[in-house]
Amino acid sequence: MKAKYFCEKCGSRYNTAEEAEKCEAQHGHIVVAHVIPGKVYSCGALCPDEVYVKFRNYKGEEKAAKYGFACYENVDFEAVKKIYE
């Protein structure tokens, strides 16, 4: 049986831990995540519709992204996280 290693950020599979760690290092690190008040909450909603996130990539450059939320039946964060582990 041959062991496989996975990038914890994108899920790519590698033959060595070093390759997986190199891939992880190339992904960005979250600098800040922000919900824009008055813009992304629906009336009466518990969660925002969108979150804005600023990342710093491996070159030190900052990039921004907007993420929309998907609806899950189970709202327990730890339970949902286990689905994707």
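The values are calculated or read from the model by the stated rules, or taken from the named source; none is laboratory data. Keep in mind that this is a model prediction, so the values were computed, not measured. Every residue, glycine among them, receives a Cβ derived from its backbone with ideal geometry; neighbour counts consider all protein chains shown. Heads up: the accessible areas ignore ligands, DNA and RNA and are worked out on the full protein's heavy atoms, side chains in. Shrake-Rupley method; radii C 1.70, N 1.55, O 1.52, S 1.80 Å.
Here is how the numbers come out for the structure above:
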quantity	calculated
Segment Asp76-Ala25, length gained on full extension (0.36 nm per residue, minus Cα span)	15.5 nm
Pairs of Cα atoms farther than 20 Å apart, the chain, %	55
Computed [θ] at 222 nm, deg cm²/dmol, the chain (DSSP H ≥ 4; -39,500 (n - 2.57); rounded to nearest 500)	-5500 deg cm²/dmol
Accessible solvent surface per residue of the chain, calculated while the other protein chains remain in place, 1.4 angstrom probe, Å²	86
Unit charges on C-beta of K, R, D, E only; dipole of the chain, Debye	260
The chain - percent relative contact order, Cα under 8 Å, separation 6 or more	18
Carbon + sulfur, % of accessible area of the chain - ligands and nucleic acids excluded, 1.4 Å	55
Accessible heavy-atom area order of Lys59, Lys9, highest first, probe of 1.4 Å	Lys59, Lys9
Proximal charge balance of Cys7 [Cβ under 10 Å; K/R count +1, D/E count -1]	-1
